[in-house]
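Below is one structure, written out as structure tokens; comments come after it.
The values are calculated or read from the model by the stated rules, or taken from the named source; none is laboratory data. Quantities reported herein were computed from a predicted structural model and do not represent experimental measurements. Counting neighbours? That spans all protein chains shown, and the Cβs are built from the backbone with ideal geometry, glycine included.
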Amino acid sequence: MKNIINLTPKTIIELENIIKYNDKFRARKRAETILLSYKGKTVNEIVELLDLKHQAIWKWFRNFKKDGIQSLYEKSGRGRKSPLRDLNIDDVKAIAINCPSVPIVNAKIRDKYNIKVSNETMRKFLKNLQIKLDSSKKSSS
């Protein structure tokens, strides 16, 4: 497979905008790789410039030729799933309602469900559920 060729001016602008403004690191890196290839850099040169693996670059080229700009972004559903996703929301709210802090909620969830997550993960989970802890309450544990 050869370098990326025949990019339209519109695609070039899109790639440049992704590199400059996109908040997704991987999308920026993939766009930069595609643009460098289009500008004549070899895969070996791109490997050296961006500290990437050959296999990754070839895969990105293949995906870009197949799916275009969309191939630069992660598909949904990737990554590790949170062990908290299957919890009963009403149960969590009932546990959290009388707790003064995230570590205490986390300890109670861990004891009840045998689920271990960091306090930061628990804090984000509670925030997404719009659960506010009442720090004026004293813990009964």
Among the residues of the range 125-141, are any out of contact with any helix residue (DSSP H, G or I) (no Cβ under 6 Å at 6 or more places or on another chain) and either closer than 30 Å to residue 30 by Cα or β-branched (Val, Ile, Thr) (or both)? no
With respect to residue 37, determine if the residue is surrounded by 11 or more Cβ atoms within 10 Å (Cβ to Cβ), polar (S, T, N, Q) and within 25 Å of the chain's Cα centre (by Cα). no
For the range 1-20, name all the residues that are of a type in the set (Ser, Thr, Tyr) and surrounded by 16 or more Cβ atoms within 10 Å (Cβ to Cβ). 11
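Would you mention how many residues in the range 1-35 are in contact with a Lys or Arg (Cβ under 8 Å, 6 or more places away or on another chain) and among the aliphatic types (A, V, I, L, M)?
Going residue by residue through the range 1-35, those that are in contact with a Lys or Arg (Cβ under 8 Å, 6 or more places away or on another chain) are 1, 3-4, 18-19, 22.
The next check asks that each one be among the aliphatic types (A, V, I, L, M); those that pass are 1, 4, 18-19.
Of the residues in the range 1-35, 4 are in contact with a Lys or Arg (Cβ under 8 Å, 6 or more places away or on another chain) and among the aliphatic types (A, V, I, L, M).
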Failed condition for residue 102, given (1) closer than 30 Å to residue 29 by Cβ; (2) outside the structural domain of residue 23 (by TED's automatic domain parsing), with all others met? (1)
Can you list the helices (runs of 4 or more DSSP H) lying wholly within the range 1-74 that have 2 or more residues being in contact with a helix residue (DSSP H, G or I) (Cβ under 9 Å, 6 or more places away or on another chain) and in contact (Cβ under 8 Å) with a residue 24 or more places away in the chain? 9-21, 25-38, 54-67
